[in-house]
1. Given (1) -0.43; (2) -0.49; (3) -0.56 as candidate values of log10 I(q)/I(0) by the Debye sum over Cα atoms at q = 0.13 Å⁻¹, which corresponds to the one derived from the coordinates?
2. Taking the Cα centre of the chain as origin and charging only Cβ (+1 Lys, Arg; -1 Asp, Glu), how large is the dipole, in debye to the nearest 20?
3. Can you bin segment 52-109 into rounded, prolate or oblate? Criterion: square roots of the alpha carbon gyration tensor eigenvalues sorted a ≥ b ≥ c, rounded for a/c under 1.5, prolate for a/b above b/c, oblate for the rest.
4. Using Cα pairs under 8 angstrom and six or more residues apart, how large is the relative contact order of the chain, in percent?
Amino acid sequence: KSASNTYEEKTEAVSAASHTPTGGSYRNLLKITAQAEAFTINAPSGTPADGNMIFFVIKDNGTARAITWNSIFVGEKPNTTVAGKWTIILSRYNSTPSQYQNIAQWTET
């Protein structure tokens with residue numbers, strides 16, 4: 001843990017047209033429940049450090065919803081939710097290209 005980079009931040013949200021995760025901590029969690037409309041994942045707040053991670057935990061309200069990702073997120077990522085199922089995405093910040101690289105995703109079956 002460094003003085004300029006806290007260890008963990010958690011954000012829980014319900015439905016909104018856009019969501020802004022935190023990104024300035026080593027571990028960042030954005031949990032979205034009951035998403036009732038198409039939505040955008042914005043660039044994270046805070047100043048990221050190399051290796052910072054964001055865990056996205058997303059569930060809609062029973063209807064699949066379109067997801068638009070800010071261009072700071074690269075790699076495979078879902079462009080819709082799966083109706084009534086949890087989806088988890090893990091992104092890791094790489095300071096060389098200044099990008100969050102999506103390294104894993106899982107959707108409940």
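1. Recomputing log10 I(q)/I(0) by the Debye sum over Cα atoms at q = 0.13 Å⁻¹ here picks out (1).
2. Working: 9 positive and 8 negative charges, 20 e Å.
So the dipole magnitude of the chain works out to roughly 100 debye.
3. Taking the square roots of the gyration eigenvalues as a ≥ b ≥ c, segment 52-109 is prolate.
4. On the way: 305 pairs, mean separation 23.3, N = 109.
Relative contact order comes out at 21 percent.
All of the numbers you see were taken from the coordinates with simple rules; none came from a lab. Given the structure is predicted, the values throughout are model-derived calculations rather than measurements. When we count neighbours, we look across all protein chains shown, and the Cβ atoms used for this are built from the backbone with ideal geometry, even at glycine.
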